[in-house]
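Okay, structure first, notes after.
The values are calculated or read from the model by the stated rules, or taken from the named source; none is laboratory data. Nothing here was measured: the structure is a model prediction, and the numbers come from that model. With ideal geometry, Cβ positions are generated from the backbone for all residues, glycine too; neighbour counts draw on all protein chains shown.
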Amino acid sequence: MVKQDKKLSLETNTVNSHPEIDLHENVVIHDDRGLQAIIAVHNSNLGPATGGCRIYPYASIHDALTDVLRLSRGMTYKSAMAGLPLGGGKSVIIANPAEDKSRDLLLAMGDFIESFNGQYIAAEDSGTTVDDIKVMALRTRHVSGIFADEEFGGDPSPVTAYGVFLGIKEAVRYRLGTDLQGIRVAVQGVGNVGHHLVRLLRSAKARVIVADANSTRVGTVVKEFRVACCSPAAILSTEVDVIAPCALGSAINTSNLPQIKAKIIAGAANNQLEHAALGEELFQRGILYAPDYVINSGGIIDIHYQQQGVRDIDVINAHVQKISATLANIFMESDRQQRATNAIADEMGRARFMSSVPRFAAA
Ligand code: NAD
């Protein structure tokens, strides 16, 4: 169901026939008080639709809609595969986080989130910080990931990185039959997650090469962990065992896929494949792909425990460690059925959330 609560920037029919519209329960486009934003609830069978609030200077509402529809869908599958009592949702604010972010904008977003009456729960994402979410929390209690604690802030990135690290370890064990010592890993993007991931990989004695569009970040990681670096244009075609995409979506596309020399793709980024059919091509080429929403679910697991008021890192890590077994199961099924890992994961995820009774009626 699609609603527009103020100005109609897109025809409702256009939204309903958008190529990324799936089984979405509720999509609202908001344009008021200087806030242009969209909240998409994909599915709430397993619980409230939970997912980050992204601020990005999209070129058009159409682009923003594409992103929020894809990301909210991914959150449903992610939480289902992580065994969490959460549904899938996401929100986007069309703005430049470096220039347009203001207290008024964040408060208006808080009001918009509140209008969903708990059907959608927001958390930090690209372009937002824990402090931004705390401002939204002045207007709504339906936010998460703002747990104030000295040792662990609300930022889920370290836990996401831990899950990705375990996923890489599992993929290497499955495909190469070894541990991480001496394994060559190319990390694309050393932001919040990538930085922590490099630390974990180095502590397991992997050989790491990094690239980032931000040269300061590269410099920090190279100095801190004594790793190699290369240009962003070269990172995916580097001669390595594993590629870990930890930057933006669509990292793997039709033009760069043939240049990949790695045997494994396993990283943090959401929507790593430009389109789902590339999963089949990776499978045919003998490249083991760890489905993104499975391997990067550490963040939503962390957010869930924050929401429950649980900050016992042993409890959280024990849940994150299940990512290894879930991936192993997907890899084995993929080999048994001779089908792409992302297709197998989609099927498993769908079976989990579609077998559950809806918790919220569409608003
Ligand atoms: P971030 O913004 O902190 O880091 C991303 C980094 O990628 C930045 O340093 C940026 O400069 C770099 N980058 C952008 N384009 C690049 C390119 N073409 N080549 C190389 N580097 C490039 O984001 P993050 O929080 O580390 O998240 C990374 C990815 O993981 C995102 O796709 C995010 O959606 C996903 N993810 C993050 C979490 C989390 O807990 N933060 C959880 C699940 C998924």
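Confirm whether V315 is assigned to a loop (DSSP other than H, G, I, E, B), away from the ligand (no atom under 14 Å from the Cβ) and among the aliphatic types (A, V, I, L, M). Answer is no for this residue.
Is it the case that the stretch 183-205 has a residue that's outside the structural domain of H42 (by TED's automatic domain parsing), over 20 Å from the mean Cα position of the chain (by Cα), away from the ligand (no atom under 15 Å from the Cβ) and of a type in the set (S, T, Y)? Yes, the stretch 183-205 has at least one match. Can you find even one residue in the stretch 171-178 that is farther than 30 Å from Q119 by Cα, in contact with a Ser or Thr (Cβ under 9 Å, 6 or more places away or on another chain) and assigned by TED's automatic domain parsing to the domain that holds R311? Yes, that holds for at least one residue. The set of residues from the stretch 271-294 being β-branched (V, I, T) and part of a loop (DSSP other than H, G, I, E, B) comprises just one member, I287.
Screening I243 on (1) assigned to a loop (DSSP other than H, G, I, E, B); (2) modelled with pLDDT of 95 or more shows it passes everything except condition (1). Of all residues being touching a Pro at 6+ places or on another chain (Cβ under 9 Å), touching a residue at least 60 places away in the same chain (Cβ under 8 Å) and buried (at least 24 other Cβ atoms within 10 Å of the Cβ) in the stretch 82-119, which is nearest to A343 (Cα to Cα)? Just the residue, please. Per the criteria, the residue is G87. For A161, the criteria (1) within 16 Å of the ligand (Cβ to nearest atom); (2) without any contact (Cβ under 8 Å) to a residue 40 or more places away in the chain hold in every case but one, which is (2). Within the set L288, L248, L257, the sole residue that is in contact with a Phe, Trp or Tyr (Cβ under 9 Å, 6 or more places away or on another chain) and either outside the structural domain of F116 (by TED's automatic domain parsing) or within 16 Å of the ligand (Cβ to nearest atom) (or both) turns out to be L288.
Taking the options R217, R207, R226, name whichever one is buried (at least 16 other Cβ atoms within 10 Å of the Cβ) and farther than 23 Å from D292 by Cβ. Steps first, answer last, please.
Details: R217 fails: farther than 23 Å from D292 by Cβ; R226 fails: buried (at least 16 other Cβ atoms within 10 Å of the Cβ).
From the options R217, R207, R226, the qualifying one is R207.
The criterion of being more than 20 Å from the chain's Cα centre (by Cα) and either among the hydrophobic types (A, V, I, L, M, F, W, C) or on the phi < 0 side of the Ramachandran plot (or both) holds for C230.
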